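Below: one structure, written as structure tokens.
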Amino acid sequence: ATHLLGIEPLAPPEITALLDVADDYAEGARAGRRHWDALRDMTQINMFFENSTRTQASFELAGQRLGADVMNMGIASSSVKKGETLVDTALTLNAMRPDILVVRHPSSGAVDLLAQKVNCSVLNAGDGRHEHPTQALLDALTIRRAKGRLHRLSIAICGDIAHSRVARSNIMLLGKMENRVRLIAPPTLMPAGAADLGVELFDDMAAGLEGVDVVMMLRLQKERMDGGFIPSEREYFHRYGLDAQKLAFARPDAIVMHPGPMNRGVEIDGTLADDINRSVIQEQVEMGVAVRMAAMDLLARNLRAARAPKGVSA
Ligand code: CP
């Protein structure tokens, strides 16, 4: 493939291969290396139609470390503000001959649509409630490094599942790798059809966290609640916010994850989020750079192969 649009089409060996490459980049960076040449002579454009700190910064850094020319589209100061459509914006940039487009968009399916219109590699940096594949991959790498494996683990994903592309991509990835996934959410924040996802459903933290290896917390995504029911933050923290008391139901060596941005005192206690003995939130950010390097490296190899002249073999 020359695009990374979601976890759905990936086979387990492809996930493992990508994580292996990412692990090597992570170790290289820890050893102090900052420059590789996998994207030498390539141009990467980052188009973020929705706010981002971690994803945009790590894609930019990943491209720079691999030797690409990296350009960030300033959407706020672009002709999108004059009414230019997503497709026209993409075709305009495509005419400048980029090799890689990294796209975040508030509409589910927008990145797939865009990928059909351009002749470069497209990476989905999050589209609506649909998918956030590099987030699930960086979560998987963080879990694999912390637990020494990425199979037969019990993993709880907790909070606003209904509006979360992070949850959707993680449910698919962790299921493909043969883990037991539990979703813990108030009924109003559990997606319709959750029972068909091959996961166990809970609306109570004590029961859902019992004996799990990994606790993944999610932000209340008020921007996607469309005027629907928004729980009171105090009540929500009391029932669903992760603190030391609720974490005690999990295994004693369970790790705590959060994709960020986090709201301290709403879905997670701030002291617990900072507890380096339990929380791997900063490792998730670190692995984000490595996973995005691996994803772009592997797509660039496929892109170079697809573009190579089809000569007569020797
Ligand atoms: N986890 C994540 O996607 O964070 P950003 O919105 O800051 O990119």
Subject >> Exposure proxy order (Cβ contacts within 10 Å, fewest to most) of Asp269, Asp20 >> reply: Asp20, Asp269
Original post:
Per the Debye formula with a single identical scatterer at each Cα and no solvent contribution, what log10 I(q)/I(0) holds for segment 129-229 at q = 0.21 Å⁻¹?
Top reply: -1.09
Original post:
Would you list Met42, Met217, Met71 from fewest to most Cβ contacts within 10 Å?
Top reply: Met71, Met42, Met217
**OP:** At a temperature of 25 °C and a viscosity of 0.890 mPa s, determine how fast segment 1-70 diffuses translationally according to Stokes-Einstein, using the Kirkwood radius over alpha-carbon pairs as Rh; express D in µm²/s, rounded to the nearest whole number.
**Re:** 178 µm²/s
Subject >> Residue-averaged 222 nm ellipticity for the chain, from DSSP H runs of 4+ at -39500 (n - 2.57), nearest 500 >> reply: -11500 deg cm²/dmol
Original post:
GNM on the chain, C-alpha springs below 10 Å: top fluctuator among Ile171, Ile155, Ile75?
Top reply: Ile75
Original post:
Packing-wise, with mean Cβ within 10 Å as the measure, how do 76-83, 246-253 rank, highest first?
Top reply: 246-253, 76-83
Original post:
With no solvent and one point on each alpha carbon, what is the Debye value of log10 I(q)/I(0) for segment 23-125 at q = 0.10, 0.20, 0.22, 0.24 Å⁻¹?
Top reply: -0.29, -1.03, -1.19, -1.35
**OP:** Figure the gain on full extension for Arg224 and Lys310 (residue separation times 0.36 nm, minus the Cα-Cα span) and round it to one decimal in nm.
**Re:** 26.3 nm
**OP:** Work out the length of the dipole vector of the chain about its Cα centre, built from +1 on the beta-carbon of each Lys and Arg and -1 on the beta-carbon of each Asp and Glu, and round it to the nearest 20 debye.
**Re:** 640 debye
Original post:
To the nearest 10 degrees, how steep is helix 12-30 against the longest Cα principal axis of the chain, on a 0 to 90 scale?
Top reply: 90 degrees
Original post:
Magnitude of the Cβ-charge dipole of segment 1-131, K/R +1 and D/E -1, about the Cα centre, nearest 20 debye?
Top reply: 460 debye
Original post:
How big, on average over all directions, is the shadow cast by the Cα convex hull of the chain, in nm²?
Top reply: 17.7 nm²
Original post:
What dipole magnitude, in Debye to the nearest 20, does segment 108-257 give about its Cα centre under +1 on Lys/Arg Cβ and -1 on Asp/Glu Cβ?
Top reply: 440 debye
Original post:
Does anyone have the angle between helix 281-307 and the longest principal axis of the chain? Alpha-carbon axes, 0 to 90°, nearest 10?
Top reply: 30 degrees
**OP:** Please say if segment 225-314 is rounded, prolate or oblate, where rounded means a/c under 1.5 for a ≥ b ≥ c the square roots of the C-alpha gyration tensor eigenvalues, and otherwise the choice is prolate for a/b larger than b/c and oblate otherwise?
**Re:** prolate
Original post:
How do Arg224, Arg65 rank when sorted from fewest to most other Cβ atoms within 10 Å of their own Cβ?
Top reply: Arg224, Arg65
Subject >> Set Lys81/Lys117; Lys117/Lys310; Lys82/Lys222; Lys222/Lys246; Lys81/Lys222; Lys117/Lys147 screened for pairs whose C-alpha atoms are more than 31 Å apart >> reply: Lys117/Lys147
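We did not get these values from a lab; they are worked out from the coordinates using the rules stated. Fair warning: this is a prediction, and the values are worked out from it, not measured in the lab. So basically every Cβ, Gly included, is an ideal-geometry build from the backbone, and we count neighbours across all protein chains shown.
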